[in-house]
Every structure is written in C-alpha cells, then in structure tokens.
Amino acid sequence: MKDLKVLHLISGGDTGGAKTHVISLVKELDRLIEVKIICFMDGVFYREALKAGIDIEVLEQKSRVDLSIIRKIEGEIEGKGYHMVHCHGARANFIGAILKGQIDIPLVTTIHSDYKLDFEDSLYKRLIYTPLNALALRRFDYYMAVSHAFKSMLVDRNFDEDRIFIVYNGIDMEGPIDYVSRDQFLKRYGIQGNDRVIIGIMGRLDQVKDHETFIRAASELLKYREDVLFLIAGTGNDEMRLRKLVEDMDLREHIHFLGFVEDEYSFFNAIDINVLTSISESFPYVLLEGARLKKPAISTKVGGIDKLIEDGFSGNLIEVGDWKGLAKAILSLMKDRGRIGDMGQNLYETLKRNFSAQRMAEDHHSIYEQILDRG
C-alpha cells in the first residue's frame with residue numbers, strides 16, 4: 001500500500017536513541033509507504049536524515065513556545081493528503097496535541113522513554129515540560145510502546161490498553177558501518193589500551209542512567225584486576241558530579257570521560273564489553289549498536305532489555321544499582337576471555353533474527369493499517 005502517507009514530527013535536537021530509531025524507521029518505511037519527517041531545528045538529526053536519503057524538512061521554531069509552525073504543518077497535511085501524523089518526543093507531542101484540534105486524521109506517538117523521568121536532571125524542565133508532555137500525551141489517539149514494560153506502564157497510568165501497540169526498536173543490519181580501529185580511537189583521547197580489557201558505557205550523563213553504579217563497579221573490580229580500562233561516552237547534567245566521584249575514589253587513571261562521541265561505532269569497536277546501568281530504559285539502541293559489532297552486554301534488567309539479552313548466554317542482567325553484581329559479571333568474563341567473543345556472537349545472532357530495522361518498519365506498516373481500518 002505505497003499510497004499510505006504518514007508524516008513524522010520530531011524536535012530535531014535528538015542525538016541518542018530517538019534519533020537512531022526515527023532515521024532507521026523512516027528509511028525502511030520509505031520502501032513501503034510515502035513518509036516524510038518535519039523537524040523543528042537544523043542539526044545533527046537533520047543532516048543524518050538527509051544523508052540517509054530521507055524526505056525531511058526543517059520548520060524552525062524560534063523558541064519552544066513558537067507556535068507559528070502549526071499552520072504550516074496543517075497546510076502540509078492538507079496539501080499532501082497525509083493519512084496519519086506520528087510524533088516522537090516531548091516537543092513534537094506538544095505540537096501534535098495542539099494540532100489535533102485542526103486535523104481529522106489519527107495522531108500517534110511513540111513512547112521512547114518514561115516521560116515522567118525525561119527531565120529528571122533539570123528542575124525547571126521537570127516542573128514545566130514534564131507536566132506539559134503528560135497532558136499532551138492524553139490527546140493522542142494511539143501509542144507505540146517500544147517494549148511490553150512500557151505498555152504496562154501506560155496501562156498503569158490509565159491509558160487505554162486497546163490503543164497501545166508494541167513495536168521493539170530495530171537496527172539496520174545491511175548497510176555499511178563506518179568506524180576507526182581500536183588503536184586510532186584510543187589515540188584520539190591519549191589512552192594507552194595495551195592488552196587491557198576495555199569496558200564501555202555510552203549514554204547521556206544524567207541520574208536516570210546511573211553511571212555511579214558503573215563507577216563503583218570499576219572500583220570494586222580494580223581490587224582484583226588491573227588489566228582493565230573503563231570508558232564513559234556522553235555528556236549531561238550529571239557530569240561534574242560523576243567526575244568528582246571518580247577523583248574522590250582515585251580512579252582517574254582507570255576511568256576516562258570521552259565526552260560526546262559522534263562516531264558511536266568507533267566507540268563500540270574499541271570496547272570489549274558493553275555496559276548499561278540505567279534505572280529506566282525502553283529498548284536502548286546503545287545495546288543494539290554494540291550487538292551489531294558482536295560486543296556482549298551487561299545491563300540492568302529494565303524495560304525490554306531481557307528480550308535482547310539472555311542472561312549467561314549473550315550477556316548478563318543485573319538489578320538496578322547492583323555495582324557488586326556488575327563487577328562480578330565483568331570479572332567472570334575476564335577470567336575466560338573466550339566467553340566474551342562467544343557471548344558477543346550470540347547477541348549478534350539474536351539481533352539479526354529479531355530486531356532488524358526492516359522488521360520494525362514492517363511492524364509499523366501493519367499497525368498503521370490496523371489504525372486506519374478502525375476508522
């Protein structure tokens with residue numbers, strides 16, 4: 001049904017999983033339906049979408065309260081005859097909620113995260129944007145949850161279960177991957193890798209990601225092994241506190257803050273074990289991207305992560321805040337390095353079988369048709 005037309009809205013300031021999700025999704029959807037993205041700022045997202053060959057347009061907002069774009073979006077919908085609007089993220093949800101009164105087509109949003117925790121590290125944003133997003137979400141007709149756990153979360157918060165669909169994130173398994181060698185990557189930061197096992201964590205530095213658990217696990221592990229390095233990729237509001245914690249624990253020689261890493265696959269190529277310590281997650285791309293390079297993962301058992309990682313087979317699952325459990329899992333793999341490669345291969349096979357971008361797009365296409373059939 002190539003004549004099906006869906007317009008996606010997103011802020012355009014996204015640099016993490018939401019960026020990867022939307023670009024991967026729309027690129028694959030374009031094979032099946034007519035699809036376009038409108039974003040509200042120029043930046044990395046816009047440039048990467050263009051590079052991927054996606055039909056995308058910037059309708060720039062002068063500020064978050066600039067609503068002049070509403071009429072332009074409405075004109076786009078009427079002019080092109082879209083059948084549905086699909087939003088991603090708080091800013092797009094807010095625009096979509098206002099737009100709903102002007103259009104008579106279904107309004108859909110993807111729940112990429114726990115919206116009550118999205119602005120946890122900023123008091124101002126938490127007080128303003130969290131309640132606005134919560135109100136906006138009530139205006140939508142349908143929801144795409146990226147894990148069963150997130151559907152349950154919405155149902156617990158009195159969203160209509162019959163209007164919530166589940167679609168797990170997927171990743172491009174066919175396109176080329178650009179990355180530099182491990183030595184080149186480490187040299188960029190002045191790090192000597194030698195024969196050390198490198199443990200990495202990638203994500204924005206805020207409290208919901210709980211990097212403190214990663215740091216405390218590093219301290220525990222270093223009691224038993226010194227042939228190990230820890231890399232932290234990302235920036236965020238919690239960075240100063242985390243850096244001070246590393247200094248106070250005398251770990252500066254062992255833990256390296258890399259800042260924002262634009263070529264994420266170079267990071268994943270450089271590490272041996274991929275770690276995620278989040279308090280809350282959906283189905284994070286940092287695990288999918290690491291899996292594509294056959295890196296085993298150790299993660300907290302949150303969101304839908306247990307659908308990707310089988311404990312003891314393709315990685316390990318730990319409880320939130322269990323830094324001793326994380327250290328123990330890493331130490332176990334270091335004692336038998338062959339298992340690192342075996343687990344990484346197992347994770348790759350699970351990814352390839354169940355979580356490709358093509359499958360994600362086909363699932364979305366099917367859901368779009370179900371929504372339209374409901375009338």
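The values are calculated or read from the model by the stated rules, or taken from the named source; none is laboratory data. Computed from a predicted structure; not experimentally measured. Cβ coordinates were reconstructed from backbone atoms using ideal geometry, including for glycine residues, and neighbour counts include every protein chain displayed.
Of the residues in segment 106-116, at least one is outside any helix (DSSP H, G or I), at pLDDT below 95, under 18 Å from the mean Cα position of the chain (by Cα) and among the acidic types (D, E). For segment 120-130, check the following and say yes or no: at least one residue is assigned to a helix (DSSP H, G or I), at pLDDT 90 or above and either at positive phi or surrounded by fewer than 21 Cβ atoms within 10 Å (Cβ to Cβ) (or both). No - not one qualifying residue is present in segment 120-130. Of the numbered criteria (1) closer than 28 Å to E362 by Cα; (2) in contact (Cβ under 8 Å) with a residue 24 or more places away in the chain, the one E78 fails is (2).
Within segment 131-142, the set of residues being under 19 Å from L107 (Cβ atoms), out of contact with any Lys or Arg (no Cβ under 6 Å at 6 or more places or on another chain) and outside any loop (DSSP other than H, G, I, E, B) comprises L132, N133, A134, L135, A136, L137.
Of note, K116 does not satisfy the criterion of being assigned by TED's automatic domain parsing to the domain that holds Y168, among the charged types (D, E, K, R), touching a Phe, Trp or Tyr at 6+ places or on another chain (Cβ under 7 Å) and surrounded by fewer than 21 Cβ atoms within 10 Å (Cβ to Cβ). Name the single residue, out of those in segment 146-160 being outside any loop (DSSP other than H, G, I, E, B) and touching a residue at least 60 places away in the same chain (Cβ under 8 Å), that is surrounded by the most Cβ atoms within 10 Å (Cβ to Cβ). Once the filter is applied, the top-ranked residue is F150.
Every condition in (1) touching a helix residue (DSSP H, G or I) at 6+ places or on another chain (Cβ under 8 Å); (2) closer than 14 Å to D141 by Cβ; (3) at pLDDT 95 or above is met by H86 except one, and the failing one is (1).
Being in the same structural domain as R204 (by TED's automatic domain parsing), at pLDDT 95 or above and among the charged types (D, E, K, R) narrows it down to one residue among E281, E289; which is it? Only one candidate passes the filter, namely E289.
Residue count for segment 161-180, restricted to those that are β-branched (V, I, T) and not in a loop (DSSP other than H, G, I, E, B): 3.
Those strands (runs of 3 or more DSSP E) of segment 181-269 in which at least 2 residues are touching a residue at least 60 places away in the same chain (Cβ under 8 Å), considering only elements entirely within it, cover 197-202, 255-259. Taking each residue of segment 117-138 that is among the acidic types (D, E) and looking for partners that are modelled with pLDDT of 80 or more and not in a helix (DSSP H, G or I) with beta-carbon atoms closer than 7 Å, six or more apart or interchain, yields E120/D206; D121/D206; D121/G236; D121/N237; D121/D238.
The strands (runs of 3 or more DSSP E) located wholly in segment 1-70 that include 1 or more residues which are in contact (Cβ under 8 Å) with a residue 24 or more places away in the chain and of a type outside the set (V, I, T) occupy 5-10, 34-39.
Give Y189, Y179 a once-over and let me know the one that is surrounded by fewer than 19 Cβ atoms within 10 Å (Cβ to Cβ) and in contact with a strand residue (DSSP E or B) (Cβ under 7 Å, 6 or more places away or on another chain). Before you say what the answer is, go through the steps one by one.
Details: Y179 fails: in contact with a strand residue (DSSP E or B) (Cβ under 7 Å, 6 or more places away or on another chain).
Selected residue: Y189, the only one of Y189, Y179 that is surrounded by fewer than 19 Cβ atoms within 10 Å (Cβ to Cβ) and in contact with a strand residue (DSSP E or B) (Cβ under 7 Å, 6 or more places away or on another chain).
Here the condition is being touching a helix residue (DSSP H, G or I) at 6+ places or on another chain (Cβ under 6 Å) and either closer than 27 Å to S152 by Cβ or among the β-branched types (V, I, T) (or both); of I305, I309, I340, it holds for I340 alone.
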